[in-house]
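The values are calculated or read from the model by the stated rules, or taken from the named source; none is laboratory data. Please read all numbers here as calculations on a predicted model, not as lab measurements. Note: accessible area is taken over every heavy atom of the protein model, side chains too, but ligands, DNA and RNA are not part of it. Shrake-Rupley method; radii C 1.70, N 1.55, O 1.52, S 1.80 Å.
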Amino acid sequence: PLSLHTDYEISPFIEAAVNNTPPKFRFEEAGTWAQGPIGFSVSRTTKVGTPLTLPLWTEDDGKITTNSGALPRTLPAPVIARWSKYRGAGDVKFADERPVFAASTGGTPGAPFAGKSATTATFSEPGEYTLHLMLNDYSGDGGQGFQCCWSTGQVRVTVAK
């Protein structure tokens, strides 16, 4: 049922009913913000068996999109991060695949939610790896049927012996 009819608006950057937008994120405290499914990547290096710290800063508008229009009885965290291995020869062990964001300061003035989290990734073999980051706001995994509101990122890691 995809068409150019205005009732079928599809946008990965805004859910029109409540003007919900994807969470913003960055991999460095003073780094560049990224937002939406287009993705953003950075490069890192480490050694086999040495944990690589993966810090993450995020902001979100705090708007809630639900299929029914009713607010859930219990709200999840404003932003949920999920790390996974996308590519690479060996195994990757995350200290926490879903790190929790602690509220932080120093974000955009007036942002309803700003948080910081970190986890580590340890690699079993040398080589080139790509780690995938998925961030969801209150709308949950895949926007709960809406085309909005998640962001993705990648960390390319060169692992030496």
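Here are some notes:
- Solvent-accessible ranking of Val92, Val18, largest area first, probe 1.4 Å: Val18, Val92
- Derived scalar couplings ³J(HN,Hα) [region 148-157; Karplus, 6.51 cos²θ - 1.76 cosθ + 1.60; whole Hz; x for Gly, Pro]: 10, 7, 9, 10, 10, x, 9, 10, 8, 10
- Each residue of region 51-58 is assigned a 3J(HN,Hα), and the resulting list reads x, 9, 6, 10, x, 8, 10, 9 Hz, derived from the Karplus form 6.51 cos²θ - 1.76 cosθ + 1.60 (θ = phi - 60°), x at Gly and Pro.
- Tyr86 accessible area, assembled protein chains, probe 1.4 Å, Å²: 120
- Here the Karplus relation 6.51 cos²θ - 1.76 cosθ + 1.60, evaluated at θ = phi - 60°, turns the backbone of region 111-127 into coupling constants of 5, x, 9, 9, x, 9, 9, 7, 9, 10, 10, 10, 10, 8, 9, x, x Hz, with x for every Gly and Pro.
- Where Arg73, Arg26 fall by accessible area, highest first, once all protein chains stay in place (1.4 Å): Arg73, Arg26
- Region 12-58: Cα Rg divided by the 2.2 N^0.38 Å rule of thumb: 1.53
- Using a probe of 1.4 Å, the accessible surface attributed to Phe40 totals some 60 Å² when neighbouring protein chains are kept in position.
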